[in-house]
1. Is region 71-159 rounded, prolate or oblate when judged by the Cα gyration tensor, a ≥ b ≥ c being the square roots of its eigenvalues, rounded requiring a/c under 1.5 and prolate requiring a/b larger than b/c?
2. Not counting ligands, DNA or RNA, and with a 1.4 Å probe, what is Lys144's accessible surface area in Å² rounded to the nearest 10?
3. Answer with one residue from His129, Ala140, Ser56: the one whose Cα lies farthest towards the positive end of the charge dipole of region 39-159, charges on Cβ with Lys, Arg +1 and Asp, Glu -1.
4. Which order do His106, His53 take when ranked by solvent-accessible area (1.4 Å probe, heavy atoms of all protein chains), largest first?
5. Dipole size in debye (nearest 20) for region 69-156 around its Cα centre, Lys and Arg Cβ +1, Asp and Glu Cβ -1?
Amino acid sequence: AKSQAHTRSILLRQSPVFSSSKSSRKMTIKQQWEGLLGNYSRFLHPEKPLPKHWDSSDVETFIKLDPVHGHTLKTAEKVAEFGTAGAIVGAASTAARAWRWSKSPHGTLLSLAFGAVVGGTLGLEIGSHYYQLYRLNPMAAQVKFYEWLQDKAAREGPH
C-alpha cells in the first residue's frame, strides 16, 4: 500500500496538470478554457442568428418533432420554475428577516441577494429531484433546441 501511494505521488508530480511550474499550469488552464469556449462557440457566436423571441408554441412544435429531447426541455423548464420560486421565497424571507432585526438597508440588500441565490439553488435541486431531471440530459436537449431554432431561422429567412 505504501509503494502504491508513493508511485501515485510520483505520477501526479510528473503530470502536467499537477506540475509545480507556473507556466505549465497556466498553459494547461488556458488550453482547457480554449477547449471549453471551442465547444460552445457555435452558440456564443452563431453563424445564423437565433430568432430574437420564441415562445411556448415553438417549444410545443419542437416537442412534436423530437419527443425525447422535447420532453427533456419541457421538464427543464418546469425545474427552472422551481428555481425561480425558490429564489423569490429565499430573497423575500431573508430580506424581511434582516430588515426586521437590523433596519440596515445594505444588510437587507445583501441578505436579499444571498437569499435569492440560496433559495434558487435549493429550488433547482428540489425541482430536479421532483421531476427526476438527473435521469435526463437537459444540456443535450437545449443544444438540440438551439440547433432547431437556427435551422428554423435559416428556413424562414430574415423578417
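The values are calculated or read from the model by the stated rules, or taken from the named source; none is laboratory data. The structure presented is a predicted model; accordingly, all values stated were derived computationally and were not measured. Methodologically, a virtual Cβ is constructed for each residue, glycine included, from the backbone with ideal geometry; neighbour enumeration extends over all protein chains shown. The area values use the complete protein model at the heavy-atom level, side chains included, leaving out ligands, DNA and RNA. Shrake-Rupley method; radii C 1.70, N 1.55, O 1.52, S 1.80 Å.
1. On the way: a/c = 4.73, a/b = 2.07, b/c = 2.29.
In terms of gyration-tensor shape, oblate.
2. 90
3. His129
4. Numbers: His106 130, His53 160 Å².
So the residues, ranked largest to smallest area, are His53, His106.
5. Details: 9 positive and 6 negative charges, 58 e Å.
Computed about the Cα centre, the dipole is about 280 debye.
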